[in-house]
Amino acid sequence: MPNRMPLPPTFTTAPNIARMYDYFLGGKENFAADRAIAEKIVRLVPQARTYARLNREFLVRAVRFLAGEAGITQFVDIGSGLPTQRNVHEVTQQIDPDARIVYVDNDPMVLVHARALLATDANTRVANADLRKSSSVVGHRDVLNLIDWSKPVAVLLVAVLHFVTDTDDPRRIIGELRAAMAPGSYLVISHVERRPEVDRAADLYRDANAPVVPRTAEEIAALLSGLDLVEPGLVRLPLWRPQELEMWPEELDAPLLGAVGRVASLCTGGG
Ligand SMILES: C[S@@+](CC[C@H](N)C(=O)[O-])C[C@H]1O[C@@H](n2cnc3c(N)ncnc32)[C@H](O)[C@@H]1O
């Protein structure tokens, strides 16, 4: 049986980062407390909904690349969020019906939805683990049931590292994950970039279930050091292998950076 956690009593009244993101994406799994903060964020960053969509589109393009061109057959999506359209297993299984996917999140509310809507076949699982304790992800029973860490794997850290504070040390976490990943594996990240208006919006997350930590392009690049970045490297999300040749200036200027990096050789952690 999966490890189940009770939902906290405040789960409808306290703003929740996964439900706020769902609201930005136009989903329905959100409450008044989430919408109130999300609307304040939209007043500071009017393109917030566009940015959420760009993040999701980047994730889909990266997963298509990994399942197709890169030939990856197993995926661990950490900070997977509420089910939405074009979930990772739907994208991969269109390319490779045998692809295996484990969704990982530390939010019990997300896990309830994910178990109902995502873990719908033998090749898809949902695991309750906290990225900040990477060993709880790598060694999770439901992860080990589907993922063979001795073979190449794609680990997705999409729109989740900016919920990890410097105290929790995202570089350490990435180093530990890389140490578990076989050569030929891939890591995907997207991350919110520091800007004055983004910092003000991040302040509004103080009452939510996790803080937001925007980082500079240099700080985000440092998280990826030692990985072989596939073309075009670390870029604003719409510029990562775009399918559309025309983009709006507001999209090109999105304060969101992303990259796909290949683990080239065995690594002992720490970047
Ligand atoms: C903004 S959503 C991103 C969803 C999806 N990755 C995407 O990009 O579309 C962030 C998710 O990360 C999860 N999360 C935040 N901190 C986490 C942690 N320390 N461990 C696991 N999941 C975490 C949240 O619960 C939430 O579901």
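At 24 angstrom or more along the helix axis (alpha-carbon based) and mean Kyte-Doolittle of 0.0 or higher, what helices does the chain contain? Whole DSSP H runs only.
Membrane-span-like by this rule: 48-67.
Out of all DSSP beta bridges with both ends in the chain, state the antiparallel percent to the nearest 5.
That works out to approximately 35 percent antiparallel.
Anyone know which of Pro196, Pro46, Pro183 comes out most mobile in the 10 Å Cα GNM of the chain?
Pro196
In vacuo Debye scattering of the range 96-186, one point per C-alpha: log10 I(q)/I(0) at q = 0.15, 0.19 Å⁻¹?
Values, matching the q order: -0.59, -0.94.
Expressed as a rounded percentage, what relative contact order does the range 132-225 have, with Cα pairs under 8 Å and six or more residues apart?
Answer for the range 132-225 is 33 percent.
Normalise the Debye intensity by I(0) for the range 31-143, one equal point scatterer per Cα, no solvent, then take log10 at q = 0.10, 0.11, 0.20, 0.22 Å⁻¹ and round to two decimals.
Scattering profile of the range 31-143, log10 relative to I(0): -0.34, -0.41, -1.12, -1.23.
When Lys and Arg each count +1 and Asp and Glu each count -1, what net charge do the other residues less than 12 Å away from Lys28, Cβ to Cβ, add up to?
Combined, the nearby Lys, Arg, Asp and Glu give -1.
In whole Å, how far is the Cα centre of the range 9-39 from that of the range 131-163?
Between the Cα centres of the range 9-39 and the range 131-163 lies a distance of 26 Å.
Tell me the Kirkwood radius of the chain: reciprocal of the mean inverse pair distance over distinct alpha-carbon atoms, in Å.
18.6
Gain in length, Lys40 to Leu252, computed as 0.36 nm per residue apart minus the alpha-carbon separation, to one decimal in nm?
Full extension from Lys40 to Leu252 adds 74.0 nm.
Only Cα pairs within less than 10 Å get springs; with that Gaussian network setup on the chain, which residue of Thr92, Thr84, Thr13 has the largest fluctuation?
Answer for the Gaussian network model of the chain: Thr13.
For the range 168-239 and the range 65-126, what is the separation of their Cα centres, given in Å?
First find each Cα centre; the distance between them is then 20 Å.
Which of Gln93, Gln47, Gln85 moves most in a GNM of the chain, Cα contacts under 10 Å?
Maximum among the listed residues: Gln85.
Which value at 222 nm does the chain reach when only helices count, each DSSP H run of 4 or more adding -39,500 (n - 2.57), with the total divided by all residues and rounded to the nearest 500 deg cm²/dmol?
It lands at -10500 deg cm²/dmol.
What residue among Val91, Val45, Val63 has its Cα farthest toward the positive end of the dipole of the range 35-102, where the charges are +1 on Lys, Arg and -1 on Asp, Glu, each on the Cβ?
My answer, from the dipole projection, is Val45.
Which order do the peptides 249-262, 30-43 take when ranked by the mean count of other beta-carbon atoms within 10 Å per residue, highest first?
Details: 249-262: 19.3, 30-43: 16.2.
Result, highest mean first: 249-262, 30-43.
With the contact rule set at Cα under 8 Å and sequence spacing of 6 or more, what percent relative contact order holds for the chain? Display every interim value, and only then the final one.
Details: 515 pairs, mean separation 53.0, N = 271.
Dividing the mean separation by the residue count of the chain yields 20 percent.
Rounded to the nearest 20 debye, what is the charge dipole size of the chain about its Cα centre when +1 sits on each Lys and Arg Cβ and -1 on each Asp and Glu Cβ? Walk me through the numbers on the way to the answer.
Values: 30 positive and 34 negative charges, 85 e Å.
It works out to roughly 400 debye.
Pull out the extension gain between Val60 and Ala221, defined as 0.36 nm times the separation in residues minus the alpha carbon to alpha carbon distance; nm, one decimal.
55.8 nm is the gain from fully extending Val60 to Ala221.
If you take the beta carbon distance between Asp203 and Ala179 as r and set R0 to 30 Å, what does 1/(1 + (r/R0)^6) give as a FRET efficiency, to the nearest 0.05?
0.30
Since every read-out is calculated from the coordinates, none of them should be taken as a lab result. What you are looking at is a predicted structure, and each value in this text was computed from that prediction instead of being measured. FYI the Cβ positions are ideal-geometry reconstructions off the backbone, even for glycines, and counts take in every protein chain you see.
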